[in-house]
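Some notes on the structure that comes next.
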Amino acid sequence: MKAPDGEQVGGEQAGSGYLPESTASNQQQAAAGPQAARPLRALVIGYGSPIRGDDAIGPLVADRLAAQLAADPALGDGVEVQARHILTAEIVDDLVRAERVVFIDAAADLTPGEVRCCRLAPDTATLSTMAHFHDPRELLAWCAALYQRSPQAWLVSAGGADWGYASYSLSSTAQGAVEPMIAEILVLISPSP
């Protein structure tokens with residue numbers, strides 16, 4: 001796994017739920033356009049279903065990270081954290097304001113508990129067939145097409161072990177991946193020296 005500067009980096013249930021997907025402040029900024037919105041050093045978006053066991057790891061890690069950043073204002077300055085069920089098109093306005101974006105999700109193609117960090121690039125070939133859900137690379141491609149820029153972006157994911165219906169209940173394997181995921185994200189959103 002690589003940090004923003006190219007260096008190699010190492011890779012429990014938390015939170016009370018999702019952050020609101022749309023706030024009055026976000027709506028006002030969207031109405032004014034992305035150029036009028038306050039620039040972000042980093043945007044972190046955890047997504048996944050809260051009722052599908054380990055698929056909830058994205059929003060749960062986002063909630064835990066938000067609490068950690070709130071406790072350390074210097075670390076959290078210029079960082080916005082969102083917890084969502086799905087990725088939707090209006091996120092593009094948030095993405096274009098950020099220098100760096102980290103998406104957090106569960107992965108069915110990883111060994112349970114394994115944490116992976118991969119760099120993302122805009123990719124128009126990842127166009128979604130569902131109007132209400134989008135791939136992170138598709139949203140980055142929209143940034144590039146609509147605003148002629150896209151942020152540096154990564155996907156930090158963890159392998160899940162249990163995908164059954166269990167509201168906000170992670171398997172012990174997935175719980176073990178929470179802290180390594182947060183450590184990885186903190187490296188990615190740290191201010192460049």
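The values are calculated or read from the model by the stated rules, or taken from the named source; none is laboratory data. This structure is a prediction, so every number in the text was calculated from the model and none was measured. Note that each Cβ is placed from the backbone with ideal geometry, even for glycine, and that neighbours are counted across all protein chains shown. SASA here: full protein model, heavy atoms, side chains in, ligands and nucleic acids out. Shrake-Rupley method; radii C 1.70, N 1.55, O 1.52, S 1.80 Å.
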Phi angles of region 105-110, converted by Karplus (6.51 cos²θ - 1.76 cosθ + 1.60, θ = phi - 60°) into ³J(HN,Hα) in whole Hz with x for Gly and Pro, give 7, 7, 9, 7, 9, 10
For Ala166, other-chain or 5+-apart residues with amide H closer than 5 Å (H placed, Pro excluded) are Arg52, Gly53
Counting only protein heavy atoms with a 1.4 Å probe and every protein chain in place, the carbon and sulfur fraction of the accessible surface of region 56-193 in whole percent equals 56
Mean accessible area per residue over region 75-137 (1.4 angstrom probe, all protein chains present, square angstrom) is 45
At the level of C-alpha centres, the distance separating region 140-193 and region 57-119, in angstrom, is 5
Residues whose modelled amide H sits under 5 Å from the amide H of Arg84, counting only those 5 or more places away in sequence or on another chain, are Gly46, Tyr47, Gly48
With label points set 7 Å from each Cα along the Cα-to-Cβ direction at Cys118 and Tyr165, the distance between them in nm comes to 3.1
